[in-house]
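Q: If you scroll down you'll find the structure; I have some questions about it.
The values are calculated or read from the model by the stated rules, or taken from the named source; none is laboratory data. Remember, it's a predicted structure, so these values are computed and weren't measured experimentally. Methodologically, a virtual Cβ is constructed for each residue, glycine included, from the backbone with ideal geometry; neighbour enumeration extends over all protein chains shown.
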Amino acid sequence: MTSIDLASTAPARARGKTVSSRIWRLAFASVEFRIGLAVFLVLLFAALLYPPLSGIDPTKMAIRDKLMPPVFLGEGWTWAHPLGTDQLGRDMLARSLVGLRYSLLIGLTTTVLMLAVGALIGLVAGYYGKSIDTVLMRLTDAQLSIPMIILAITILGVSRPTIPSIILVLGLAGWPVYARVMRSTIMAERKKEYVRGAMVLGATDFRIMFLLLLPLVLPPMAFVAVLDVARMMIFESVLGFLGLGVQPPTPTFGNIIADGRKYLLNAWWIATMPGVFLFLTLGSINLMGASLERARNTVYGGA
């Protein structure tokens with residue numbers, strides 16, 4: 001695209017930036033978003049800083065310290081293990097925070113992969129239409145017909161689960177929704193004057209798709225994708241609980257809860273503490289995601 005072409009499409013690109021900034025401002029103005037952001041940042045910094053600063057190895061066993069209760073129970077506790085220890089004497093606070101670290105890593109990376117694959121397929125299908133659109137949408141329909149959790153269990157059940165393989169399986173199973181949304185959005189945008197103007201001025205398809213349309217329509221989709229981070233964290237925890245997630249001794253929410261279910265009567269904190277951290281994290285992400293989605297609907301509803 002020449003400099004003349006870029007100048008002719010500047011109003012459209014400026015509109016995309018303006019819409020994104022309006023969504024951010026409206027979302028941040030809500031109490032729910034600020035509460036969610038504050039809780040999320042506290043949990044994030046705790047997960048990143050506490051294990052290395054405390055010097056506690058979450059995988060190190062100390063049988064003498066096994067099944068120590070949290071400090072708030074008032075007996076048999078120690079400040080060295082404020083949330084108690086598990087059946088092998090491992091610190092529950094460190095294990096829960098390391099589990100949170102892995103869960104966030106998998107949730108965020110998986111959502112980015114889903115968004116990237118879905119946006120690319122939807123962009124190509126919506127822009128070119130005709131036979132390309134038909135083939136890509138039939139592929140999307142076929143993928144949608146297979147439940148994500150069933151596909152993940154099937155693939156991970158016959159292979160050794162690792163962090164990259166879990167991200168890949170969940171990411172490639174969840175892209176169809178983004179593909180359909182992107183396709184419908186691109187089909188609507190393609191008919192507008194600024195796209196036709198770029199075509200008349202000789203812009204290539206690649207430049208129109210990736211330098212003009214994609215920066216305009218991707219940010220609103222990314223705001224909605226925040227909610228999928230929480231959904232992917234749940235899927236990762238379910239897989240870990242079933243033994244198909246990250247394998248021990250690496251602590252994750254799923255495998256910690258699976259180990260702790262055997263001790264619910266006499267050491268309930270083993271399964272409960274990671275559940276509390278997961279609940280707080282999902283709650284904070286959902287508060288932010290819901291606020292962003294409401295702001296997005298407000299902006300587009302008033303546009």
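Q: Mind listing just one residue for me: the one in the stretch 133-180 that is in a loop (DSSP other than H, G, I, E, B) and surrounded by 15 or more Cβ atoms within 10 Å (Cβ to Cβ) and, of those, modelled with the highest pLDDT?
A: So in the stretch 133-180, the residues in a loop (DSSP other than H, G, I, E, B) come out as 145-147, 158-162, 174-175.
From what is left, the residues that are surrounded by 15 or more Cβ atoms within 10 Å (Cβ to Cβ) are 161, 174-175.
On the way: PRO161: 88, GLY174: 89, TRP175: 93.
Among them, the one singled out is TRP175.
Q: Now a separate question. List the number of the failed condition for LEU67; all other conditions in (1) assigned to a helix (DSSP H, G or I); (2) modelled with pLDDT under 95 hold.
A: Every condition holds for LEU67 apart from (1).
Q: While we're here: Of the conditions (1) in contact with a helix residue (DSSP H, G or I) (Cβ under 6 Å, 6 or more places away or on another chain); (2) in a helix (DSSP H, G or I), VAL112 fails just one. Which one is it?
A: Result: VAL112 passes all but (1).
Q: Would you be able to say whether some residue in the stretch 99-122 is in contact with a Leu (Cβ under 7 Å, 6 or more places away or on another chain) and more than 26 Å from PHE40 (Cβ to Cβ)?
A: So far as the stretch 99-122 goes, yes, one or more of its residues are in contact with a Leu (Cβ under 7 Å, 6 or more places away or on another chain) and more than 26 Å from PHE40 (Cβ to Cβ).
Q: Does GLY197 count as in contact with a helix residue (DSSP H, G or I) (Cβ under 9 Å, 6 or more places away or on another chain), in contact (Cβ under 8 Å) with a residue 40 or more places away in the chain, surrounded by 14 or more Cβ atoms within 10 Å (Cβ to Cβ) and closer than 30 Å to PRO249 by Cα?
A: Working: in contact with a helix residue (DSSP H, G or I) (Cβ under 9 Å, 6 or more places away or on another chain): yes; in contact (Cβ under 8 Å) with a residue 40 or more places away in the chain: yes; surrounded by 14 or more Cβ atoms within 10 Å (Cβ to Cβ): yes; closer than 30 Å to PRO249 by Cα: no.
Taking the combined requirement at face value, the residue does not satisfy it.
Q: The conditions are (1) in contact with a helix residue (DSSP H, G or I) (Cβ under 8 Å, 6 or more places away or on another chain); (2) surrounded by fewer than 18 Cβ atoms within 10 Å (Cβ to Cβ), and SER96 fails exactly one of them. Which is it?
A: (2)
Q: Name the single residue, out of those in the stretch 63-93 being loosely packed, with under 15 Cβ neighbours inside 10 Å and of a type in the set (Gly, Ala, Ser), that is nearest to ILE256 (Cα to Cα).
A: ALA80
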